[in-house]
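Visitor: Mind having a look at this structure? Questions to follow.
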Amino acid sequence: MVHMHIGKEEGFEILVSILAISLALTFATAGLSIEPSRFIFLMATYIITIGSGFLLHEMAHKYYGLKYGAKARFRAWPLGLALALGLAIVPQIFGFRLPLFIAPGAVYLYSMRHISRRENGIISLAGPAMNWLLAGIFFAGYLLFYDNVIIATVTMHGAWINMGLAMFNLLPIFPLDGSKVLAWDWRIWLASFAFSFLGFSAISL
């Protein structure tokens, strides 16, 4: 039985990461002179969609890390959070925009025994798999409430962003999840990446 526990410090770092990501995306989307009502709507949308995707992605890594006997803890990357906010805000002050770089942190594993390639691959795949599940839930919400503009907008965005998160994290570039899944089994990596790519492309149409 896996016992999941999030300490106060870890929970605080997760909360700060979600808020920083959502704030950076809100300013990047709507600019610095955003109206309060639109600011609240966009912040809520990003917290619900990318916030849930980020949180549950990392918790899936943590769950399987604990399952395989390792200690697992999320650690925020303050420099990455500051960079995301800086890229969203500072260029706009001078009248231009730059692409965002979002790297809020990751779950780190501490194990007294060797974690095999297979185990590490499964731990790594758990995050994107959680994003697939969330994308399916958001898309189901869209199908159920497509006639409600606000709910349809949020749920479709949630489906799109979660498939995008899965696809990005499965890129075979270290230290992304895809590099570890590929090191475990190239066929599983290829199927997982193709599924993410096709799902993201279909939702983007």
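Values in this text are rule-based calculations from the coordinates and carry no lab data. Every value quoted in this text rests on a predicted model; they were computed, and no experiment measured them. So basically every Cβ, Gly included, is an ideal-geometry build from the backbone, and we count neighbours across all protein chains shown.
Visitor: Taking the Cα centre of the chain as origin and charging only Cβ (+1 Lys, Arg; -1 Asp, Glu), how large is the dipole, in debye to the nearest 20?
Guide: 560
Visitor: Could you list the trypsin sites (Lys or Arg not before Pro) in the range 55-137 that lie in coil according to DSSP, counting only those with at most 16 other Cβ atoms within 10 Å of their Cβ?
Guide: R97, R113
Visitor: Can you tell me which of 123-129, 25-31, 166-172 comes out highest on packing, and rank the rest after it, using the mean Cβ neighbours within 10 Å?
Guide: Ranked from most to least packed, the peptides come out as 123-129, 166-172, 25-31.
Visitor: What is the local net charge at R118, summed over the other residues whose Cβ is closer than 15 Å to its Cβ (Lys, Arg +1; Asp, Glu -1)?
Guide: +2
Visitor: Using only the Cα atoms of the range 88-152, what do you get for the radius of gyration and for Dmax, in Å?
Guide: 19.5, 53
Visitor: Kindly rank 16-24, 187-195 from highest to lowest mean number of other beta carbons found within 10 Å of each residue.
Guide: Averaged packing, sorted descending, gives the order 16-24, 187-195.
Visitor: Among rounded, prolate and oblate, which fits the chain when a ≥ b ≥ c are the square roots of the eigenvalues of its C-alpha gyration tensor, a/c under 1.5 means rounded, and a/b larger than b/c means prolate?
Guide: Prolate, because a/c is 1.5 or more and a/b exceeds b/c.
Visitor: Could you size up the charge dipole of the range 1-115 around its Cα centre, putting +1 on the beta carbon of Lys and Arg and -1 on that of Asp and Glu, and report it in debye to the nearest 20?
Guide: My answer is approximately 360 debye.
Visitor: Continuing with the same structure: Excluding same-chain residues fewer than 8 positions from K180, which lysines have a Cα within less than 16 Å of its Cα?
Guide: K62
Visitor: For a quick check of your reading of the filter: which chymotrypsin sites (Phe, Trp or Tyr not before Pro) in the range 55-137 sit in a DSSP loop and have no more than 10 other Cβ atoms within 10 Å?
Guide: F94, F96
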